[in-house]
Each structure stands twice: as C-alpha cells, then as structure tokens.
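The values are calculated or read from the model by the stated rules, or taken from the named source; none is laboratory data. Computed from a prediction, not measured in an experiment: that's the story for all the values here. With ideal geometry, Cβ positions are generated from the backbone for all residues, glycine too; neighbour counts draw on all protein chains shown. Note: areas computed on protein heavy atoms with side chains; ligands, DNA, RNA excluded. Shrake-Rupley method; radii C 1.70, N 1.55, O 1.52, S 1.80 Å.
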Amino acid sequence: MAAIPFSSEIEEISMDGFQVVSGDLFARRSGYYSPTCTIWSGGITFNKVALTALNNCERVRIEIHPQKKSVLLVPVTMKDKDGIPWRKNIKDYAPRRMECVRFSSKLYEMWNWDTGCVCRAVGRVVTVDNKVMLLFDFSSPEQWKGKERTSEK
C-alpha cells in the first residue's frame with residue numbers, strides 16, 4: 001500500500017463545529033451478548049442467550065405488565081398449567097419460535113404497535129424471592145418492518 005504523500009495537495013481543515021457521534025446510535029448485534037425477546041404479529045421468540053440465562057430450563061411462564069410494557073419470563077416446571085415449552089425439544093438447547101397470534105395480537109393492540117412491524121427488546125436477569133427470571137422492557141423496542149407473507153394457491 002502506498003503512503004499518502006503529505007504535500008500542499010491535501011487540504012488542512014479546522015475541527016471547529018464537529019461533534020462526536022455516540023457509538024450508542026449504531027446498531028449492534030445485541031442478540032449475541034444479551035437476552036432478547038422478539039415479537040411479531042404471529043408469535044414470539046427468545047434468543048439462545050435468554051435460554052442460557054435461565055439455565056436451559058424446559059418450560060417458562062410469560063407474564064406481562066400492561067402499563068410498563070414489560071414481559072417477564074419465569075422458569076417453571078411441568079406442573080405449572082401456564083408454562084409453555086420454549087426449547088425446540090428436550091435434547092436441543094435452542095429456542096423455539098412460538099406461534100401465538102392471539103397473544104401477540106393483544107400485545108400489539110394494548111401497546112399500540114404497528115402490526116406491520118417486528119419488535120425486539122433486550123432483557124436483563126432479575127430476581128424475585130431469590131428466583132432468577134428475565135425482564136424485557138418494550139417501552140422503547142427496536143422495530144422494523146416485517147416481511148409481507150403471501151398466500152400460496
């Protein structure tokens with residue numbers, strides 16, 4: 001690679017008026033390092049980091065806080081009637097894409113989201129009575145337009 005010649009051809013400028021752009025304004029692949037919850041008009045899913053944060057448990061109960069726009073993920077046993085399997089299968093430690101049109105439709109309506117958008121929030125580990133849970137704050141979710149589904153005939 002040739003060195004840039006420092007000569008009178010390169011213009012000297014002033015740094016006056018320039019402002020540093022915060023790195024927080026750029027998209028990061030937060031899903032690699034933080035638990036995430038993604039909701040679309042037909043369902044909900046969590047990433048593998050979320051699964052790991054809850055010790056790869058087989059079932060979870062989803063609780064919502066309508067006013068705070070929060071989703072709480074609580075690890076439960078098979079005995080919990082509201083528990084849902086969130087792993088692909090017992091042997092596979094991978095999250096399952098859960099189809100739940102009725103649930104996600106209620107969230108979209110309650111939280112006044114555009115049904116054409118997919119919403120994602122980063123979660124954090126919290127405890128309630130010494131029990132580890134995941135809390136996702138959807139008050140300002142990451143949003144993007146979802147793919148249009150076409151009906152096949």
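All but one of (1) at pLDDT 90 or above; (2) farther than 30 Å from Ser105 by Cα hold for Phe46, so report the exception by its number.
Among (1) at pLDDT 90 or above; (2) farther than 30 Å from Ser105 by Cα, the lone unmet condition for Phe46 is (2).
Name the one entry in Lys147, Lys88 that is under 30 Å from Asp24 (Cα atoms) and out of contact with any Ser or Thr (no Cβ under 7 Å at 6 or more places or on another chain). Give the steps one after another, and end with the answer.
Details: Lys88 fails: under 30 Å from Asp24 (Cα atoms).
None of the others qualify; the one that does is Lys147.
Can you pull out every residue in segment 119-140 that is open to solvent by 20 Å² or more (accessible area, probe 1.4 Å) and either aliphatic (A, V, I, L, M) or touching a residue at least 24 places away in the same chain (Cβ under 8 Å) (or both)? Write out each step before concluding.
Let us first name the residues in segment 119-140 that are open to solvent by 20 Å² or more (accessible area, probe 1.4 Å), namely 120, 122, 124-132, 135, 137, 139-140.
Correct list: Arg120, Val122, Arg124, Val125, Val126, Val128, Lys131, Val132, Leu135, Asp137, Ser139.
Could you tell me whether Ser22 is surrounded by fewer than 10 Cβ atoms within 10 Å (Cβ to Cβ), farther than 24 Å from Pro141 by Cβ and either β-branched (Val, Ile, Thr) or modelled with pLDDT under 90 (or both)? Even if it seems obvious, please write down each step before you answer.
Working: surrounded by fewer than 10 Cβ atoms within 10 Å (Cβ to Cβ): yes; farther than 24 Å from Pro141 by Cβ: no; either β-branched (Val, Ile, Thr) or modelled with pLDDT under 90 (or both): yes.
For Ser22, the condition - surrounded by fewer than 10 Cβ atoms within 10 Å (Cβ to Cβ), farther than 24 Å from Pro141 by Cβ and either β-branched (Val, Ile, Thr) or modelled with pLDDT under 90 (or both) - is not met.
Residues are listed down the side, and each one gets a yes or a no for (1) buried (at least 16 other Cβ atoms within 10 Å of the Cβ); (2) closer than 18 Å to Gln143 by Cα; (3) in contact with a Phe, Trp or Tyr (Cβ under 6 Å, 6 or more places away or on another chain):
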| residue | (1), (2), (3) |
| --- | --- |
| Cys37 | yes, yes, yes |
| Thr52 | no, no, no |
| Ile62 | yes, no, no |
| Lys68 | no, yes, no |
| Leu72 | yes, no, no |
| Lys81 | no, no, no |
| Lys91 | no, no, no |
| Glu99 | no, no, no |
| Lys106 | no, yes, no |
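Looking at Trp111 and the list (1) over 14 Å from the mean Cα position of the chain (by Cα); (2) open to solvent by 40 Å² or more (accessible area, probe 1.4 Å), which single condition is not satisfied?
Every condition holds for Trp111 apart from (2).
(1) surrounded by 15 or more Cβ atoms within 10 Å (Cβ to Cβ); (2) modelled with pLDDT under 95; (3) of a type in the set (Val, Ile, Thr): which one isn't true of Thr77, the others all being true?
Every condition holds for Thr77 apart from (1).
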